[in-house]
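Heads up: the structure comes next, in structure tokens.
The values are calculated or read from the model by the stated rules, or taken from the named source; none is laboratory data. Keep in mind that what you see is a predicted model, and the values were worked out from it rather than measured. Quick reminder, even Gly has a Cβ in these numbers, built from the backbone with ideal geometry, and neighbours come from all protein chains shown. Heavy atoms of the whole protein, side chains included, go into the accessibility calculation; ligands, DNA and RNA do not. Shrake-Rupley method; radii C 1.70, N 1.55, O 1.52, S 1.80 Å.
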Amino acid sequence: MKDVKLMKGNEAIALGAVNAGCDGYFGYPITPQSEIIETLMEMKPWETTGMAVLQAESEIASINMVYGAAAMGKKAMTTSSSPGISLCSEGLSYIAGAELPCVVVNVQRGGPGLGTIQPAQADYAQAVKAPGHGDFNLIVLAPNSVQEMYDHVFLAYELAFKYRNPAMILTDGVIGQMMEKLVVDEAKPRMTEEFIRENYGSWALVGNKGVVTSLELEASRQEKVNERIQAKYKALKENEVRVEMTDCDDAEFVIVAFGSSARIAAKSVEILRAEGIKAGLLRPITLFPFPDKQLQDLAAKGVKGFLVAELNAGQMVKDVRLAVNGARPVEYYGRMGGMIYSPGEIAEALKEKLIEKTK
């Protein structure tokens, strides 16, 4: 049975957590994601599913509570916004080093510092490059709708447990605060403890048995840990890339954008097509692993240039340039600090930065 609802993206995250079978949510309020914990408190899932919902004293406390719950094999989650995620970075490194699954949501706001409560995408590099110290990566998903905010909770848990690695849903205040139709498939199965044991092993702590740690004082053994973790990232790159391409079959110019920027850029493509310009849109759904091959294929088949639209100073554009490897020009257009561009601005930027230069 499917149920249709109208709700905010933040509310969809909360509903997704309950329906996906989250065992424990630990968080701290910060704009623009506070509705997540507020919605969970209103839903009272501890009365129906047994899910614990706790407002911790800080983001540092939240991520370490997630660490403890994940070590017990529980489906744990925290959510925050940009400055709060920075406070989680040490704990994320510990969780990745201990090879534990969990889900973290970042509803991004403008920065740096305390910045503004308006939406931005300036945490891309933090999420995919440097979420904490040491050689580790998060699995990073980038929803661009209220529906995907809900669906990506299920996907994030699936990937986190499959690879025993923390997964992040990297969204922003646009998607978090906007209201849209959400279709809830009530028949969609939640991840049970029996399913986890059968499919992912019984590595979790039970009672006073076992040790879960990221500490290894012997360098040669720590290198083996790193090699095992890097092998997981290689498998992720080979098997888990998710990307959406629109009007790319005959495109001469391709806009690359994720999250809310991709929603805006979709209209930019319509504007450009109406003017006779063969434009397309490539939307990475997984930011790590990144769709390098899809970009390389577009460059190889004759796309004349790429415009990367993002609400930051130019972060994902570096990954697009690495993927294209000089085969085609890659330009950047963005706004910062909580400012949002219009579809027309992106369309004009493409004409100015790519079409005029290739005449």
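Quick look at the values:
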| item | result |
| --- | --- |
| Yes/no for S82 being open to solvent by less than 20 Å² (accessible area, probe 1.4 Å) and either among the hydroxyl-bearing types (S, T, Y) or in contact with a His (Cβ under 8 Å, 6 or more places away or on another chain) (or both) | yes |
| Output for the range 319-329, where each listed residue is in contact (Cβ under 8 Å) with a residue 60 or more places away in the chain and either assigned to a loop (DSSP other than H, G, I, E, B) or open to solvent by 10 Å² or more (accessible area, probe 1.4 Å) (or both) | D319 |
| Residue within the range 113-129 that is closer than 25 Å to A69 by Cβ, open to solvent by less than 30 Å² (accessible area, probe 1.4 Å), touching a Gly at 6+ places or on another chain (Cβ under 6 Å) and at pLDDT 95 or above present | no |
| Single residue of the range 294-317 satisfying the filter (part of a helix (DSSP H, G or I) and touching a helix residue (DSSP H, G or I) at 6+ places or on another chain (Cβ under 8 Å)) that is nearest to N137 (Cα to Cα) | M316 |
| One residue from I264, I277 being buried (at least 17 other Cβ atoms within 10 Å of the Cβ), touching a strand residue (DSSP E or B) at 6+ places or on another chain (Cβ under 9 Å) and farther than 26 Å from E148 by Cβ | I277 |
| Conditions (1) touching a residue at least 24 places away in the same chain (Cβ under 8 Å); (2) among the hydrophobic types (A, V, I, L, M, F, W, C); (3) exposed (fewer than 11 other Cβ atoms within 10 Å of the Cβ): number failed by M168 | (3) |
| Among residues of the range 212-240, those that are hydrophobic (A, V, I, L, M, F, W, C), closer than 18 Å to S93 by Cβ and either free of Cβ contacts under 8 Å to residues at least 60 places away in the same chain or open to solvent by 60 Å² or more (accessible area, probe 1.4 Å) (or both), counted | 3 |
| Residues satisfying the stated conditions in the range 56-71, i.e. outside any helix (DSSP H, G or I) and surrounded by 15 or more Cβ atoms within 10 Å (Cβ to Cβ) | A56 |
| Qualifying position, being assigned by TED's automatic domain parsing to the domain that holds M149, on the phi < 0 side of the Ramachandran plot and crowded, with 24+ Cβ neighbours inside 10 Å, among A12, A52 | A12 |
| Cross-chain or 6+ apart pairs with Cβ under 9 Å, the range 241-269 first and under 18 Å from N106 (Cβ atoms) and hydroxyl-bearing (S, T, Y), then open to solvent by 10 Å² or more (accessible area, probe 1.4 Å) and part of a strand (DSSP E or B) | S261/G334 |
